[in-house]
Amino acid sequence: MQQRVVLPQPQVNAELLKNALRAPLWYWGIMAFLGAIVVAGSVAVGFLMNKGFGLSGTNRPVMWGILIVDFVFWIGISHAGVMLSAILRLSKAEWRRPATRAAEVLTVFSLMIAALHPVVHAGRPWRIIYWSFPYDFSRGLWVNIRSPLIWDPSAIFTYLTGSALFVIVALIPDMAVIRDHTTGLKQKVYRALAMGWRGTPRQWKLQIVAGFLLSALLLPVFVSVHSIVSWDFAVMIGVEGYHVTIFAPYFVIGAVHSGVSAVVTMMILMKWMFGWGSYIREEHVESLAKLLIVIGTTWLYFFFVEFSFALYSMESQEIALREMQAFTWPYWPLALTFILFSYIIPIPLWLFRKVRRNFKIMFWTSLLVNIGMWLERFLIIVPSLARKQVWPFDWSTYHPSAIEVLIVVTAYALVFLLLMTFAKLFPLIPLFDIKEGQTLSDDIVIGKRRVPALRVEE
Amino acid sequence: MVSTPRERKWQMVVDVDRCTGCQACVVACQAENNIPFNSESHFKQGRTFSWIRIERYWEGEFPDVKARFLPFLCQHCDNAPCEPVCPVFATYHNNEGLNVQVYNRCVGTRFCQNNCPYHARFFNYWEPVWPVQMRNSLNPDVTVRGRGIMEKCTFCVQRIRRAELDAKRQEREVRDGDFQPACAQACPTSALVFGDVKDPQSRIHEGLANKRRFRLREELGTEPNVVYLSKVDSEAKEAAGHA
């Protein structure tokens, strides 16, 4: 922290707006590549709808496949935004500044993509739209509010609205900066988006108050979203591995674990891609890694509680299911990879300061966490269905089909594509937040050196 | 003459002791309810349709093994786990104790089958196809289900409705024995007995009063409307008596 260089404001503007104003050639290369995957995936979805869901690998009784796994995974990723922005803003953690926007935008896009999964996964997606838009008041055909599949969209869209507002409120001052740096049509668009921002003290006050209010309002929503997603499973009396009361907190903390790891991965990628080394610094990644040690360990505790509760009940079915998850082919390699990747490898490594400050190791270990957490969702959803109830006559297994895999890959490409598009249009690191952080810091003189230090606010 | 129809509650008694595992009920059900043929590829995909099926379980160790047959169909639970999870009310309970499926409402989330402890629900992964010769042999009373929706045993609701209409035309109540579901009709040993528990004359009371009665996974609290009568194993009884 002592070596922090205070950058002049024009330089901050120029560096952070570099990609938004003049994108390099490789940027378009990546966009074309991602676009190609998304086109292929869209064709796959069209094919699925045209030919029937028989093209997936699901069967009876494994009616839900990797698309639902991916749905839970993306909902999990979306928990990064509020965790970082809201909680760290409310607790006034200085190091949050370069991470907030990336986290919030990741939240918005991953939520949007997550919401698509159950729709694609349904047998007749066009019917879902038919029943929903326009809402069928005339015939009095209501939706079933007892169903978790109605709670899900309610929670997701509340969260989506809230976090989109969060992003927009934080974007307004930056829109004004871009407005002042562009000409012609571009300027007109950004002028509209800046909503008449002049940077008056009153506007700043309102913007800051709005940010705080939204943080506080979003916190309960954030906890509710993954709780409700977990109830998709926890309310199921018919499936042994599902109806567990601890699912809600277990899913929420797991979501935070994977979401914050995804933010680490994304920040390091941003640093490498856009050369933002002077904004995303070692201390930021280090702080995130420290946070992750706490979150990861809490998650591990919940994981063990869930597992031991299942064994403690001494129900033969429950024990057989756990045995299958942990020791039977093809699940045991997945289970081993899952526990190694999501906890045993990364967390002990992050205990070392050198590792926490090493971007390469942090990039790969945070990626490992998300591979592990994806497998965790797979291990919850698929084996429980494959061994549903005490009727071995009906038991089955599940292999994802090529189309399902393609759709899952497309989801990743689509989130990445949306993030890259966002990076072209808006700065992924909030300019005003960085400048604010710089203004709040003061130079102190130690010996012959002038050293910038953070002023602690009361 | 307008009269309020008598309250009804349909139930079935399955006498496992009488079941020989002949699968006549399975065939009858497939023919009655326009269920597409289960081809080899359906079996390989694990996507067969069998609204009623005979599950065979082995008991004991070789060479002392016994085959046990368990006819499995939708249990029409009073407290059905499939109903609350459907987001569009495609499945609900009617006032005759039947768990009914509204094909037009269904969007195919498959949540109901996941939550069914009896694996009683079937998803139409593909558009159903029949050989050309079968085109004129489908039952006109039963909807052919399209791709992307759930289906399951209806207790042959089309037969219930037809019996009601016939009775109404003759200005009388539906009597026990006016009709039977296809499976019960086809059963050579009368292992399946279907009837209205609200009708004191119904033959079903004989089975319901039996001491051998049990219901599948009763501990889940689903309140199934299919009652099973357990196997009478004379050899096991003898062995127990000698011991």
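Partner shielding of B:68-81 amounts to 1, given as the average count of beta-carbon atoms from other chains within 10 Å of each residue beta-carbon. Ellipticity at 222 nm from helices only: DSSP H runs of n ≥ 4 in the protein assembly as shown, each -39500 (n - 2.57), divided by the residue count, give -17000 deg cm²/dmol. Legend: distances between Cα atoms for A:LYS388/B:LYS211; A:LYS271/A:LYS435; B:LYS44/B:LYS152; A:LYS271/A:LYS424; A:LYS18/A:LYS354; B:LYS9/B:LYS211; pairs beyond 24 Å are A:LYS388/B:LYS211; A:LYS18/A:LYS354. Note on region A:43-109: dipole from Cβ charges, positive end direction compared against A:GLY46, A:THR58, A:PHE71; the farthest Cα belongs to A:PHE71. Measuring r between the beta carbons of A:HIS181 and B:ASP141 and using R0 = 45 Å, the FRET efficiency lands at 0.05. Of the peptides A:195-208, A:277-290, the ranking by mean beta-carbon count within 10 Å, highest at the top, reads A:277-290, A:195-208. Let me know the shape class of chain A, please: from the alpha-carbon gyration tensor, a ≥ b ≥ c as square roots of the eigenvalues, rounded when a/c is under 1.5, otherwise prolate if a/b is greater than b/c, or oblate. Note, shape of chain A comes out prolate. Here chain B is assigned +1 on the Cβ of each Lys and Arg and -1 on the Cβ of each Asp and Glu. Its dipole about the Cα centre then comes out at about 580 debye. Computed 3J(HN,Hα) for region A:113-120, one whole-Hz value per residue from the Karplus formula 6.51 cos²θ - 1.76 cosθ + 1.60 where θ = phi - 60°, is 5, 4, 5, 6, 4, x, 5, 4, glycine and proline marked x. Oblate is the label for region B:47-141, because the ratio a/c of its alpha-carbon gyration tensor axes (a ≥ b ≥ c) is 1.5 or higher and a/b is not greater than b/c. The packing ranking, built from the mean of other Cβ atoms within 10 Å per residue, places the peptides B:140-146, B:77-83 in the order B:77-83, B:140-146, highest first.
If a/c stays under 1.5 just call it rounded; otherwise compare a/b with b/c (prolate if a/b is bigger, oblate if not). Do that for chain B, with a ≥ b ≥ c from the square roots of the Cα gyration tensor eigenvalues. The shape class here is oblate. Taking every residue in A:233-245 and counting other chain Cβ atoms within 10 Å of its Cβ, the average works out to 4. Seen from A:TYR312, the other residues with C-beta closer than 13 Å to its C-beta sum to a net charge of -2, counting Lys and Arg as +1 and Asp and Glu as -1.
Left without a cysteine partner by the 4.7 Å Cβ rule in the protein assembly as shown: B:CYS19, B:CYS22, B:CYS29, B:CYS77, B:CYS86, B:CYS106, B:CYS116, B:CYS156, B:CYS187.
Take each residue in A:59-69, count the other chain C-beta atoms within 10 Å of its C-beta, and the mean is 5.
Read-outs: derived from the displayed coordinates by stated rules, not from any lab. Every value quoted in this text rests on a predicted model; they were computed, and no experiment measured them. All Cβ positions, glycine included, derive from the backbone under ideal geometry; neighbour counts span all protein chains shown.
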